[in-house]
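Written out below as structure tokens is the structure these notes cover.
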Amino acid sequence: LDYINPKLILETSITEPNEVIWQSPSNIALIKYWGKYGNQLPKNPSISFTLDQAVSQTAIAYSPKENNDDYGISLSFKFHGEHQPAFESRMKKFLESLTGIFPFLNQLDLDVRSTNSFPHSAGIASSASSMSALALCLCSMEHELFGTLEDNIQFDQKASFIARLGSGSACRSVYPLLAMWGESSSVPGSSNEYAIGMADHVHDVFTTFHNDILIVSKDEKEVSSTVGHNLMENNLYADNRYLQAKQRLNSLLDILKSGDLEAFGRIVEDEALTLHALMMTSNPSFVLMRPGTLTLIEKIRAYRKDTGHQVYFSLDAGPNIHLMYPSDIAYAVRGWIESDLQQHCEDRFWIADGVGEGPVEM
Ligand code: DP6
């Protein structure tokens, strides 16, 4: 794709200082990406709901380099208004890795400021929201400096492509409602290089779906996603898993259209448990669920049986529960969270969230 890599270089003399700002959400995978190869390419296709409340906001102020002899990335990075040397050097490395695609980054002084809507130490992975916000900013810069990426589809695809290089799951955050990443013969236009928007493929019930996040533990997780992905390479079950993910994705696509919540819940819960089963069958094995995670899973299944309410759980690579349910039972579920579930959350902390409309340029 030529628009991904047009090798744009600036006439710095005509570049005015400017700023771009994007707010971008996190997402929750329904079919999980777990296992990768090459440069951040997925071993199986994945699909996710875009979230609404869990967002990052990133601003990049840029100007022609004051000291033009300086070669390389000139970056200052602040998170919630504070210098963060560890984050800054990680971001600098990432931006350096992108200079083949965005050579003009070497010609600018970059001042990046970022915030998250959720507490940093809430045990919520912020890589999807922060990497997608950053990627969107970089594409806006390209658009403003060179007049490229005028076409929205190209803009989103490039932003998704860049976000993927930062963190795989981030590539799905640039679209409203539902996004899919990874090649599938049943979805024309699907790609391992970037995600595609799937908002047109969902039944109405999902457009207002709730996805509350019950924070079982705020601790930083012991095994990073990157390490977890790599452990799939020697996992005995890996090949069957990738096959299973493809099959489940095909089934889920039909279910998302039909609005069959029971079938939806079965696949989504099985996927969450499969993800953690893969962790437990890696070598070395690891467990990211906590006792509270299992208690909540039992309570969710019991509540469903007792009330008939269609409430389901998902998990990402951590101990926290994503509670998914349709909006018509939101009042009852809220009462139940407060009376029965909140006590299993660290500091009783949970976040009311739901399916969202995707990133916003500010
Ligand atoms: C369990 O996207 O965080 O959330 O590409 O190494 O940054 P990297 O991994 P990351 O992995 C996310 C894994 C997951 C499932 C998913 O979001 O699909």
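The values are calculated or read from the model by the stated rules, or taken from the named source; none is laboratory data. If you're wondering where the values come from, they're calculated on a predicted model, not measured in any experiment. Quick reminder, even Gly has a Cβ in these numbers, built from the backbone with ideal geometry, and neighbours come from all protein chains shown. Only protein heavy atoms, including side chains, enter the accessible area calculation; ligands, DNA and RNA are left aside. Shrake-Rupley method; radii C 1.70, N 1.55, O 1.52, S 1.80 Å.
For the range 83-91, putting each phi into the Karplus relation 6.51 cos²θ - 1.76 cosθ + 1.60 with θ = phi - 60° gives couplings of 4, 10, x, 5, 4, 4, 6, 5, 5 Hz, in residue order, rounded to whole numbers and with x for Gly and Pro. Label-to-label distance, residue 83 versus residue 7, with points set 7 angstrom from Cα along the beta-carbon direction: 3.7 nm.
For the chain, the carbon plus sulfur part of the accessible surface works out to 48%, probe radius 1.4 Å. Phi angles across the range 204-211 convert, under the Karplus curve 6.51 cos²θ - 1.76 cosθ + 1.60 with θ = phi - 60°, into 3J(HN,Hα) values of 3, 4, 7, 6, 10, 5, 8, 9 Hz, Gly and Pro given as x. For the residues 37, 325, 312, a GNM of the chain with alpha-carbon springs under 10 Å puts the largest fluctuation on 37. Taking amide H as placed 1.01 Å from N in the peptide plane, residue 109 has its amide H under 5 Å from the amide H of 63, 65, 66, each at least 5 places away in sequence or on another chain.
Inter-label distance, residue 207 to residue 301: 3.5 nm, where each label sits 7 Å from its Cα along the C-beta direction. Taking 289, 141, 280 as the candidate residues, the one with maximal mean-square fluctuation in a Gaussian network model of the chain, Cα springs under 10 Å, is 280. Once you have the Kirkwood Rh of the chain from its Cα pairs, apply Stokes-Einstein at 37 °C and 0.692 mPa s and quote D in µm²/s. D, rounded to a whole number, is 156 µm²/s. Of 175, 265, 214, whose Cα points farthest to the positive end of the dipole of the chain (charges on the beta-carbon: +1 Lys, Arg; -1 Asp, Glu; origin at the Cα centre)? Farthest towards the positive end: 265. Given +1 at the Cβ of Lys and Arg, -1 at the Cβ of Asp and Glu and no other charges, the dipole of the chain around its Cα centre is 1140 debye to the nearest 20. Using a ≥ b ≥ c from the Cα gyration tensor of the range 52-98 (square roots of the eigenvalues), is it rounded, prolate or oblate, where a/c under 1.5 gives rounded and otherwise the larger of a/b and b/c decides, a/b for prolate? Here the range 52-98 falls in the prolate category.
Give me the base-10 log of I(q)/I(0) for the range 3-141 at each q in 0.11, 0.15, 0.21 Å⁻¹, Debye formula, one uniform scatterer per Cα, rounded to two decimals. At q = 0.11, 0.15, 0.21 Å⁻¹ the computed log10 ratios are -0.46, -0.83, -1.37. In the chain, the calculated helix contribution to ellipticity at 222 nm averages -11000 deg cm²/dmol per residue, counting -39,500 (n - 2.57) for every DSSP H run with n ≥ 4.
Considering only protein heavy atoms, what per residue accessible area in square angstrom results for the chain with a 1.4 angstrom probe? The partial results should precede the final answer.
Working: 15900 Å² over 362 residues.
On a per-residue basis, 44 Å².
Each listed q (0.17, 0.18, 0.23 Å⁻¹) maps to a log10 I(q)/I(0) for the range 240-362, found by the Debye formula over equal Cα scatterers with no solvent: -1.02, -1.11, -1.45.
Using the Cα centre of the range 207-277 as the reference point, and only Cβ charges (+1 on K/R, -1 on D/E), how large is the resulting charge dipole? Debye, rounded to the nearest 20. Walk me through the intermediate numbers first.
On the way: 7 positive and 12 negative charges, 36 e Å.
Computed charge dipole of the range 207-277: roughly 180 debye.
Note on surface exposure: 9, 60, 351 rank 9, 351, 60 by accessible area, highest first, 1.4 Å probe.
Our coupling estimate for the range 100-113, obtained by passing each phi through the Karplus curve with A = 6.51, B = -1.76, C = 1.60 and θ = phi - 60°, is x, 8, 10, x, 5, 4, 6, 9, 10, 8, 10, 10, 9, 10 Hz, Gly and Pro reported as x.
When the listed pairs 221/246; 92/158; 32/218 are checked against a 24 Å cut-off, the alpha-carbon distance exceeds it for 221/246.
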